[in-house]
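See structure below.
The values are calculated or read from the model by the stated rules, or taken from the named source; none is laboratory data. Since the structure is predicted, the reported quantities are computational estimates derived from the model, not experimental observations. Note that each Cβ is placed from the backbone with ideal geometry, even for glycine, and that neighbours are counted across all protein chains shown.
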Amino acid sequence: MDWSPLYTMQAQLDTYIVSHHDLSGKDLFREKYLALLVELGELANETRCFKFWSRKPRNKQSVILEEYVDGIHFILSLGLDKGYRYDSNDLKPADTDETGQFNRVYEVCVTFYRDPSEAHYKQLFARYLQLGKLLGFDEIAVKDAYLKKNEINYERQDQGY
(Lines give C-alpha, C1' and ligand atoms only; values in the text may rest on other atoms or scores of the structure.)
Protein backbone atom coordinates (compact mmCIF):
# COMPACT_ATOMS: atom_id res chain seq x y z
CA MET A 1 0.00 0.00 0.00
CA ASP A 2 1.15 3.51 -0.73
CA TRP A 3 1.15 5.22 2.67
CA SER A 4 2.10 8.64 1.23
CA PRO A 5 -1.46 10.05 1.23
CA LEU A 6 -1.93 9.02 4.86
CA TYR A 7 1.39 10.58 5.86
CA THR A 8 0.26 13.80 4.17
CA MET A 9 -3.08 13.74 5.96
CA GLN A 10 -1.38 12.97 9.27
CA ALA A 11 1.06 15.85 8.80
CA GLN A 12 -1.88 18.18 8.20
CA LEU A 13 -3.69 16.92 11.31
CA ASP A 14 -0.53 17.20 13.41
CA THR A 15 -0.02 20.78 12.21
CA TYR A 16 -3.65 21.60 12.99
CA ILE A 17 -3.33 20.21 16.52
CA VAL A 18 -0.04 22.00 17.17
CA SER A 19 -1.45 25.34 16.04
CA HIS A 20 -4.71 24.96 17.99
CA HIS A 21 -2.97 23.94 21.22
CA ASP A 22 -0.05 26.37 21.09
CA LEU A 23 2.50 23.56 20.87
CA SER A 24 4.80 25.07 18.27
CA GLY A 25 8.41 24.06 18.83
CA LYS A 26 7.58 21.45 21.47
CA ASP A 27 8.94 17.94 21.18
CA LEU A 28 5.94 15.62 21.53
CA PHE A 29 7.75 12.33 20.93
CA ARG A 30 7.28 11.06 24.51
CA GLU A 31 3.60 11.94 24.51
CA LYS A 32 2.99 10.30 21.13
CA TYR A 33 4.89 7.20 22.21
CA LEU A 34 2.79 6.87 25.37
CA ALA A 35 -0.37 7.54 23.36
CA LEU A 36 0.58 4.69 21.02
CA LEU A 37 1.06 2.33 23.97
CA VAL A 38 -2.33 3.36 25.37
CA GLU A 39 -4.00 2.82 22.00
CA LEU A 40 -2.33 -0.57 21.69
CA GLY A 41 -3.71 -1.50 25.10
CA GLU A 42 -7.17 -0.30 24.14
CA LEU A 43 -6.97 -2.37 20.97
CA ALA A 44 -5.92 -5.48 22.88
CA ASN A 45 -8.77 -4.89 25.32
CA GLU A 46 -11.32 -4.80 22.48
CA THR A 47 -10.01 -8.06 21.01
CA ARG A 48 -9.95 -9.70 24.45
CA CYS A 49 -7.38 -12.12 22.99
CA PHE A 50 -5.44 -12.27 26.24
CA LYS A 51 -8.42 -12.60 28.59
CA PHE A 52 -8.18 -16.33 29.20
CA TRP A 53 -10.32 -15.93 32.33
CA SER A 54 -13.32 -14.47 30.51
CA ARG A 55 -15.98 -15.92 28.26
CA LYS A 56 -17.20 -12.55 27.08
CA PRO A 57 -16.73 -12.32 23.29
CA ARG A 58 -14.49 -9.83 21.54
CA ASN A 59 -16.02 -6.57 20.42
CA LYS A 60 -17.42 -5.99 16.94
CA GLN A 61 -14.89 -5.91 14.12
CA SER A 62 -15.81 -2.29 13.36
CA VAL A 63 -14.86 -1.23 16.91
CA ILE A 64 -11.60 -3.17 16.74
CA LEU A 65 -10.77 -1.55 13.40
CA GLU A 66 -11.39 1.92 14.79
CA GLU A 67 -9.04 1.20 17.69
CA TYR A 68 -6.48 -0.25 15.30
CA VAL A 69 -6.54 2.90 13.17
CA ASP A 70 -5.92 5.05 16.26
CA GLY A 71 -2.57 3.28 16.47
CA ILE A 72 -1.90 3.99 12.79
CA HIS A 73 -2.40 7.71 13.47
CA PHE A 74 0.30 7.71 16.13
CA ILE A 75 2.70 5.51 14.18
CA LEU A 76 2.43 7.84 11.19
CA SER A 77 2.90 10.85 13.45
CA LEU A 78 5.97 9.38 15.14
CA GLY A 79 7.46 8.69 11.72
CA LEU A 80 6.81 12.25 10.63
CA ASP A 81 8.47 13.58 13.78
CA LYS A 82 11.62 11.60 13.02
CA GLY A 83 11.54 12.07 9.25
CA TYR A 84 10.82 8.39 8.55
CA ARG A 85 8.33 6.78 6.23
CA TYR A 86 7.27 3.19 5.84
CA ASP A 87 7.05 2.17 2.21
CA SER A 88 7.57 -1.56 2.04
CA ASN A 89 5.18 -3.87 0.26
CA ASP A 90 7.08 -6.94 1.38
CA LEU A 91 5.10 -7.77 4.52
CA LYS A 92 5.46 -11.30 5.78
CA PRO A 93 2.57 -12.78 7.74
CA ALA A 94 2.95 -13.02 11.49
CA ASP A 95 4.01 -16.43 12.73
CA THR A 96 2.21 -16.19 16.06
CA ASP A 97 -1.27 -15.62 17.43
CA GLU A 98 -2.85 -12.29 18.38
CA THR A 99 -1.48 -12.25 21.92
CA GLY A 100 2.00 -13.04 20.69
CA GLN A 101 1.81 -10.32 18.08
CA PHE A 102 0.59 -7.74 20.59
CA ASN A 103 3.61 -8.60 22.72
CA ARG A 104 5.90 -8.21 19.70
CA VAL A 105 4.41 -4.81 18.90
CA TYR A 106 4.92 -3.69 22.51
CA GLU A 107 8.52 -4.90 22.39
CA VAL A 108 9.33 -3.03 19.21
CA CYS A 109 7.59 0.09 20.56
CA VAL A 110 9.99 0.07 23.51
CA THR A 111 12.94 -0.57 21.19
CA PHE A 112 11.95 2.35 18.97
CA TYR A 113 11.49 4.63 21.98
CA ARG A 114 14.93 3.77 23.35
CA ASP A 115 16.62 3.97 19.95
CA PRO A 116 14.43 5.88 17.49
CA SER A 117 16.25 4.76 14.37
CA GLU A 118 14.67 4.39 10.96
CA ALA A 119 15.19 0.63 11.06
CA HIS A 120 13.31 0.38 14.36
CA TYR A 121 10.53 2.60 13.03
CA LYS A 122 10.06 0.40 9.98
CA GLN A 123 10.08 -2.68 12.19
CA LEU A 124 7.39 -1.11 14.40
CA PHE A 125 5.21 -0.27 11.41
CA ALA A 126 5.64 -3.76 9.93
CA ARG A 127 4.81 -5.51 13.21
CA TYR A 128 1.72 -3.34 13.60
CA LEU A 129 0.59 -4.13 10.05
CA GLN A 130 1.12 -7.84 10.75
CA LEU A 131 -1.13 -7.43 13.78
CA GLY A 132 -3.75 -5.79 11.57
CA LYS A 133 -3.65 -8.75 9.20
CA LEU A 134 -4.06 -11.16 12.12
CA LEU A 135 -7.07 -9.13 13.23
CA GLY A 136 -8.57 -9.55 9.76
CA PHE A 137 -7.94 -6.12 8.23
CA ASP A 138 -6.83 -5.61 4.67
CA GLU A 139 -5.21 -2.42 3.37
CA ILE A 140 -8.44 -1.05 1.93
CA ALA A 141 -10.29 -1.40 5.23
CA VAL A 142 -7.41 0.25 7.10
CA LYS A 143 -7.23 3.15 4.67
CA ASP A 144 -11.00 3.70 4.69
CA ALA A 145 -11.12 3.57 8.49
CA TYR A 146 -8.18 5.99 8.70
CA LEU A 147 -9.99 8.48 6.47
CA LYS A 148 -13.13 8.29 8.62
CA LYS A 149 -11.22 8.62 11.88
CA ASN A 150 -9.19 11.51 10.51
CA GLU A 151 -12.41 13.44 9.92
CA ILE A 152 -13.57 12.62 13.44
CA ASN A 153 -10.24 13.84 14.83
CA TYR A 154 -10.70 17.22 13.14
CA GLU A 155 -14.26 17.45 14.46
CA ARG A 156 -13.01 16.68 17.95
CA GLN A 157 -10.39 19.40 17.71
CA ASP A 158 -13.01 21.90 16.58
CA GLN A 159 -15.25 20.92 19.49
CA GLY A 160 -12.54 21.33 22.12
CA TYR A 161 -11.92 17.62 22.67
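Among the numbered conditions (1) over 14 Å from the mean Cα position of the chain (by Cα); (2) modelled with pLDDT of 95 or more; (3) among the hydroxyl-bearing types (Ser, Thr, Tyr), the only one that Tyr68 does not meet is (1). Identify, please: which residue in segment 71-90 is closer than 17 Å to Tyr7 by Cβ and modelled with pLDDT under 95 and is, among those, surrounded by the fewest Cβ atoms within 10 Å (Cβ to Cβ)? Once the filter is applied, the top-ranked residue is Asn89.
Screening the candidates Thr8, Thr47 for the property of being touching a Phe, Trp or Tyr at 6+ places or on another chain (Cβ under 9 Å), closer than 18 Å to Ile72 by Cβ and among the β-branched types (Val, Ile, Thr) yields one hit, Thr47. Within segment 3-33, being free of Cβ contacts under 8 Å to residues at least 40 places away in the same chain, farther than 29 Å from Asp138 by Cα and surrounded by 12 or more Cβ atoms within 10 Å (Cβ to Cβ) holds for Val18, Leu23.
Among the residues of segment 16-44, the ones that are farther than 18 Å from Leu78 by Cα and under 14 Å from the mean Cα position of the chain (by Cα) come to 3 in all. Checking Asp138, Asp115, Asp97 one by one, the residue that is closer than 28 Å to Gly25 by Cα and surrounded by fewer than 21 Cβ atoms within 10 Å (Cβ to Cβ) is Asp115 and no other.
Scanning segment 110-132 for residues that are under 22 Å from Met1 (Cα atoms) and not polar (S, T, N, Q) yields a total of 13. Total residues in segment 38-79 satisfying the condition of being in contact (Cβ under 8 Å) with a residue 12 or more places away in the chain and of a type in the set (Gly, Ala, Ser): the figure is 4. State yes or no: is Ser88 of a type outside the set (A, V, I, L, M) and closer than 15 Å to Gly132 by Cα? Here the answer is no, as Ser88 does not meet what is asked.
For segment 40-134, the helices (runs of 4 or more DSSP H) that sit wholly inside it and include 3 or more residues that are closer than 22 Å to Leu147 by Cβ are 61-82, 118-134. Taking residues in segment 118-147 that are closer than 16 Å to Asn103 by Cβ, and partners anywhere that are surrounded by fewer than 21 Cβ atoms within 10 Å (Cβ to Cβ) and of a type in the set (Gly, Ala, Ser), the pairs with Cβ atoms closer than 6 Å and at least 6 places apart or on different chains are Gln130/Ala94; Leu134/Ala94. Give all pairs with beta carbons closer than 8 Å in which a residue from segment 149-161 that is within 13 Å of His20 (Cβ to Cβ) meets a residue that is part of a helix (DSSP H, G or I); count only pairs at least 6 apart in sequence or on separate chains. Within 8 Å, the pairs are Asn153/Leu13; Asn153/His73; Tyr154/Leu13; Tyr154/Tyr16; Gln157/Tyr16; Gln157/Ile17; Gln157/His20.
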